[in-house]
Amino acid sequence: MKRLYLIRHAKSSWAEPGLDDFDRPLNHRGQADAPFMGQRLARHGIHPDRIVASPAKRARKTARIIAEAVGVKEKVIDLDAALYMAEIPALLQTIARVADSNEELAVVGHNYGITDLAEWLTGESIGNIPTCGVVAIEFDCPSWSDLKEGSGRLLFFDYPKKHSDRR
């Protein structure tokens, strides 16, 4: 049994118009949302064995904050350049390279690829994973390379704005 957590990076800053997209940092909301979502995952007993993230600054930072919140060491984070603005095939290739000994995997990336992959794997209409949104999917298979269209079961879809009472 495998569990995959697809996480869109937290809200990024547009304060520096000339800054390359790859180098955009988290804004104030992103810096608050990432630990909040990490704490929500931790409360539900979610502690990924491995986290694979886009090397873009906003995705790297989101991955580090969530890892800290769920109590996993930063050494479980792998950066994969193929995840930067990746579409379904590149996301699947990255996931398939993860050792099968890892039962729980978190992937921190970008839209539209993250949303497209969640819908493709589950057959569910999600519409859009907002910034710092998390989609949890369970698979009844022994290998990450076994993921196929519709092969996953949606466990939950959570995101910061769903919890307006915290603001």
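The values are calculated or read from the model by the stated rules, or taken from the named source; none is laboratory data. Small disclaimer: the values here were computed from a predicted structure and weren't measured. Please note: Cβ atoms are built from the backbone with ideal geometry, for glycine as well, and neighbour counts cover all protein chains shown. These accessible areas exclude ligands, DNA and RNA; they are computed on the full protein's heavy atoms, side chains included. Shrake-Rupley method; radii C 1.70, N 1.55, O 1.52, S 1.80 Å.
Structure data summary
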read-out: In region 36-67, the residues that are open to solvent by 40 Å² or more (accessible area, probe 1.4 Å) and assigned to a helix (DSSP H, G or I); value: Gln39, Arg40, Arg43, Lys57, Arg60, Lys61, Arg64
read-out: Residues within region 3-28 that are charged (D, E, K, R) and surrounded by 15 or more Cβ atoms within 10 Å (Cβ to Cβ), tallied; value: 4
read-out: 2 or more residues free of Cβ contacts under 8 Å to residues at least 40 places away in the same chain and surrounded by fewer than 18 Cβ atoms within 10 Å (Cβ to Cβ): qualifying strands (runs of 3 or more DSSP E) within region 92-167; value: 152-158
read-out: Selection count, region 76-91, where residues are out of contact with any Ser or Thr (no Cβ under 7 Å at 6 or more places or on another chain) and open to solvent by 20 Å² or more (accessible area, probe 1.4 Å); value: 10
read-out: Where Gln31 falls short, out of the listed (1) out of contact with any Asp or Glu (no Cβ under 9 Å at 6 or more places or on another chain); (2) touching a residue at least 40 places away in the same chain (Cβ under 8 Å); (3) open to solvent by 60 Å² or more (accessible area, probe 1.4 Å); value: (2)
